[in-house]
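One structure is given here, and the rest of the page talks about it.
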Amino acid sequence: MGEPGQTKFQTGLRRYLREMEVDRDLTRLICEIANASKYIINSIRTGDLGVAGTSNLYGEDQLALDVLSDRIIRKRLSHSGVVANMVSEETPEIVSVSTDVEGKYSVAFDPLDGSSLVDVNLAVGTIVSIYEGGNVLQPGRNQVAAMYILYGPRTTLVYSSGDGVHEFAMNQLMEYTLVQENLQMAPKGTIYSPGGQRNLYTPGIEKFVSYMEQNGAKLRYSGGFVPDINQILVKGQGVFMYPHLQDKPMGKLRVLYELNPMAYLIEQAGGAASTGRGRILDLEPQGIDDRAPVFIGSKEDVAMAERFIAEAG
Ligand code: F6P
Ligand code: MN
């Protein structure tokens with residue numbers, strides 16, 4: 001693979017997608033998002049940290065960076081020629097790019113997840129979910145690809161198009177080159193990443209946390225969904241949860257933009273993703289703003305969470 005003198009691990013993203021025989025238009029779409037991320041990093045590094053003066057569908061204040069990242073991706077997708085419909089965590093409705101959906105893709109994305117962590121200089125990310133055709137409101141199991149970009153000390157891109165999960169890092173030329181192919185999750189983990197306030201946990205969740213602690217698991221939670229999931233995926237073990245809370249039965253995280261793409265990636269790596277009562281990827285979406293509780297990571301740990309929840313709620 002690659003040119004003479006070039007190792008596989010200098011393979012660029014586009015070349016890798018071609019060699020993996022990923023559909024040409026899907027390759028185009030993934031590369032458009034990769035290109036958009038270069039502009040997003042630039043805004044994170046140097047942009048305005050203030051609020052935009054608007055709020056999103058969830059009543060959360062939008063930061064100038066949220067709005068800008070959203071515009072950067074939307075513009076790229078609109079001009080890609082391969083997108084039918086798109087919907088973002090920052091926009092209140094599905095946007096039609098092309099009425100001719102045949103052979104095109106539809107995309108749900110969170111342009112800058114964790115944006116409220118930028119002022120304290122913690123890691124943030126972009127999350128993307130991709131379907132064939134025009135429908136973004138379908139169960140996550142129908143995704144044909146998912147990816148995220150993590151803006152940390154390094155910028156990395158992780159994608160799957162149904163043939164394993166592969167990690168790339170941005171080099172000095174701002175190109176993504178292969179770091180690791182076929183990320184794999186061990187069945188049990190020694191890290192846990194628990195979202196939500198502990199005093200609002202239900203008895204089942206408390207039991208699950210004690211189970212992880214008794215097995216020697218260490219707490220590793222940054223408060224950013226992308227770095228927290230990336231840690232589990234790249235370490236190849238552990239569990240992240242943002243559970244149902246006593247005052248928030250649906251937890252916090254959003255099915256279309258956050259949970260479906262991450263569930264797809266973790267399952268592709270041999271892990272599991274559950275609401276605590278069933279597979280995330282089997283959820284039938286009711287609307288673009290659906291939320292669900294999530295337990296995601298090493299398979300046996302996720303199964304234990306389901307067991308404690310079935311027994312104690
Ligand atoms: O978009 C949601 C998000 O910022 C995620 O990145 C993160 O996992 C979660 O919210 C953190 O929520 P909390 O602030 O309640 O811990
Ligand atoms: Mn988000």
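Since every read-out is calculated from the coordinates, none of them should be taken as a lab result. Please read all numbers here as calculations on a predicted model, not as lab measurements. Heads up, the Cβs are rebuilt from the backbone with ideal geometry, glycines too, and the neighbour counts pull from every protein chain shown.
Which order do peptides 261-272, 138-149 fall in by mean Cβ count within 10 Å, highest first? Could you put the intermediate results ahead of the total?
Details: 261-272: 25.5, 138-149: 21.5.
Per-residue Cβ counts within 10 Å, averaged per peptide and sorted highest first, yield 261-272, 138-149.
Residues of the stretch 121-135 with the amide nitrogen closer than 18 Å to a label point 7 Å from the Cα of residue 100, along Cα-to-Cβ, please.
Under 18 Å, as judged by backbone N against the label point of residue 100, lie 133-135 of the stretch 121-135.
What is the distance, in nm, between label points placed 7 Å from the Cα along the Cα-to-Cβ direction at residue 19 and at residue 282?
For the pair residue 19/residue 282, the computed spacing is 3.8 nm.
What do you get for the angle between helix 64-79 and the principal long axis of the chain? Use alpha-carbon atoms, 0 to 90 degrees, nearest ten.
Tilt relative to the chain: about 50 degrees.
Compare 301, 66, 25 in a GNM of the chain, Cα atoms joined below 10 Å, and give the one with the largest fluctuation.
Result: 25 has the largest fluctuation of those listed.
With +1 on each Lys and Arg Cβ and -1 on each Asp and Glu Cβ, how big is the dipole of the chain about its Cα centre, in debye rounded to the nearest 20?
In debye, rounded to 20, the chain gives about 620.
Compute the length gained on full extension between residue 169 and residue 35: take 0.36 nm times their separation in residues and subtract their Cα-Cα distance, giving the result in nm to one decimal. Display every interim value, and only then the final one.
Details: separation 134, 0.36 × 134 = 48.24 nm, distance 1.30 nm.
Going from the current span to full extension adds 46.9 nm.
Compute the FRET efficiency between residue 213 and residue 10 as 1/(1 + (r/R0)^6), taking r as their Cβ-Cβ distance and R0 = 30 Å, and round to the nearest 0.05.
It comes to 0.10.
Is the C-alpha gyration tensor of the stretch 43-199 telling us rounded, prolate or oblate? Criteria: a/c under 1.5 is rounded; beyond that, a/b larger than b/c is prolate, otherwise oblate.
rounded
Which entries of 75/104; 75/252; 188/235; 235/299; 38/252 have Cα-Cα distances beyond 18 Å here?
75/252; 38/252
Label residue 199 and residue 45 with points 7 Å out from Cα along Cα→Cβ: what is the distance between them in nm?
4.3 nm
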